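This report concerns only the one structure given below.
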Amino acid sequence: MTKKTFWGIILIAAGLLKLADMWNILHWEWLWSQPWTEYIAPALLIYLGGDIIINGFKRNRDQWLDRPVPVGEDGKRICCNTKYGGDQYIYHGETFHGAKLDASFGGIKLDLREAVITEDEEIDIHTFFGGVEIYVPTNVNVVVQSRSFIGGVGDETYKGMKPEAKTLHVVASNFFGGVHILN
């Protein structure tokens with residue numbers, strides 16, 4: 001945990017304690033005796049805490065951890081699961097046999113631009129307050145099926161492929177999350 005994340009959590013907790021005092025859940029009148037703290041202090045503390053946490057992630061270039069491609073139980077299909085952070089998986093000439101990607105409160109970058117795709121494959125994606133970014137080769141078709149609640153899938157891939165080209169089927173379920181597919 002970075003220093004900014006720690007202070008962001010402290011500020012959010014202080015704002016939530018003030019709200020709990022205002023709603024008579026906690027009784028800490030001695031702590032909040034100033035009249036200006038009635039509404040301005042909790043809003044300011046929550047805003048500053050959230051801002052520190054979000055800017056800590058934006059400015060931290062090491063948030064994407066390069067990891068080796070994780071192979072699933074079948075020995076072919078990869079299974080990636082990330083929570084509260086970001087992982088990046090890059091294919092460097094390996095054969096791609098499909099993927100199952102789960103992102104909760106974090107993100108996954110999957111770079112398939114140099115992958116060898118020999119047949120139609122499926123990428124199964126589940127996001128919960130997270131996101132997935134997929135880079136695909138220019139010589140494959142992409143077909144998207146999506147079930148999203150306050151989220152979605154953005155497909156910015158080249159669409160002029162021949163019908164006999166290999167196809168990546170992207171099946172995405174997003175809950176406050178999204179998927180971005182590009183070349």
Query raised in the report: Taking region 45-63 as the search range and keeping residues that are surrounded by 14 or more Cβ atoms within 10 Å (Cβ to Cβ) and modelled with pLDDT of 65 or more, which one is farthest from Gly130 (Cα to Cα)?
Result: Leu45
Report summary line: Screening Ile78, Ile12 for residues that are modelled with pLDDT of 75 or more, assigned by TED's automatic domain parsing to the domain that holds Phe105 and surrounded by 14 or more Cβ atoms within 10 Å (Cβ to Cβ) leaves only Ile78
Report task. Kindly provide the set of residues from region 130-144 that are more than 12 Å from Thr167 (Cβ to Cβ) and surrounded by fewer than 16 Cβ atoms within 10 Å (Cβ to Cβ), ordered by number. Result -> Thr138
Report task. Mind checking which strands (runs of 3 or more DSSP E) fall wholly inside region 77-183 and carry at least 3 residues that are of a type in the set (A, V, I, L, M)? Result -> 99-104, 107-116, 141-149, 167-175, 178-182
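Considering each residue of region 93-113, count those that are without any contact (Cβ under 8 Å) to a residue 24 or more places away in the chain and at negative phi, and give that number. Let's see the steps before the verdict.
Step one: of region 93-113, the residues without any contact (Cβ under 8 Å) to a residue 24 or more places away in the chain are 93, 95.
Add one more test, that the residue is at negative phi, and what stays is 95.
Looking only at that region, the number is 1.
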Query raised in the report: Can you tell me which residues in region 145-183 are surrounded by 19 or more Cβ atoms within 10 Å (Cβ to Cβ), among the hydrophobic types (A, V, I, L, M, F, W, C) and farther than 20 Å from Phe96 by Cα?
Result: Val153
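The values are calculated or read from the model by the stated rules, or taken from the named source; none is laboratory data. Everything quoted here is computed from the prediction, not taken from an experiment. For neighbour counting, all protein chains shown are included, and Cβ atoms are generated from backbone atoms with ideal geometry for every residue, glycine included.
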